[in-house]
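Enquirer: One structure is given below, represented as structure tokens, and several questions about it will come after.
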């Protein structure tokens, strides 16, 4: 070390870890982050069926209609779980709808859910291939 480095070390103390150890830790942390991002990307890309709610409409005080899209490989059949919720976000209606095989990857569907009270929203919980 030179004289200025020695004075700085006296004044501020020596580094907690050496610069070389810091570089090794940074490289390991970068590789770990890359592995996590890769795993999440592969997991997301490997979803055989995905769905999104487009709209929901109050049909009656005890019914709500949900329009949703399903993305899956053509020729695949799926079952989607949908729920209706009240103001307190409690489930007041549930239905499993079968989505028949389609000729295109994306398709829109409309399902009515019978409820045990007035629903304020609805959602698709998920879809699974059959």
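Each value in this text was obtained by applying a stated rule to the coordinates, not by laboratory testing. The structure presented is a predicted model; accordingly, all values stated were derived computationally and were not measured. FYI the Cβ positions are ideal-geometry reconstructions off the backbone, even for glycines, and counts take in every protein chain you see.
Enquirer: To the nearest 500 deg cm²/dmol, what mean residue ellipticity at 222 nm is calculated for the chain from DSSP H runs of n ≥ 4 alone, each contributing -39,500 (n - 2.57), summed and divided by the residues?
Expert: Taking each H run of at least 4 residues, the total per residue is -9500 deg cm²/dmol.
Enquirer: Computed from the coordinates I sent, Kirkwood radius over Cα pairs in Å equals one of [x] 16.4; [y] 15.8; [z] 19.0. Tell me the label.
Expert: Checked against the structure: label [z].
Enquirer: Can you tell me the orientation of helix 19-45 relative to the chain, as the angle in degrees between its alpha-carbon axis and the longest Cα principal axis, to the nearest 10?
Expert: That helix lies at roughly 10 degrees to the long axis.
Enquirer: Before anything else, pin down the relative contact order of the chain: Cα pairs under 8 Å, at least 6 apart, normalised by residue count, whole percent.
Expert: 26
Enquirer: What residue among 24, 111, 59 shows peak mean-square fluctuation when the chain is described by a Gaussian network model with Cα springs under 10 Å?
Expert: Sorting by GNM fluctuation, first place goes to 24.
Enquirer: Would you mind checking the tilt of helix 3-12 against the longest principal axis of the Cα atoms of the chain, expressed as 0 to 90 degrees and rounded to 10?
Expert: Its long axis makes an angle of about 50 degrees.
Enquirer: On a C-alpha basis, how far is the centre of segment 23-38 from the centre of segment 52-115 in Å? Whole number, if you could?
Expert: Their Cα centres are 40 Å away from one another.
Enquirer: List 36, 16 from most exposed to least, where exposure is judged by having the fewest other Cβ atoms within 10 Å.
Expert: The order, fewest Cβ neighbours first, is 16, 36.
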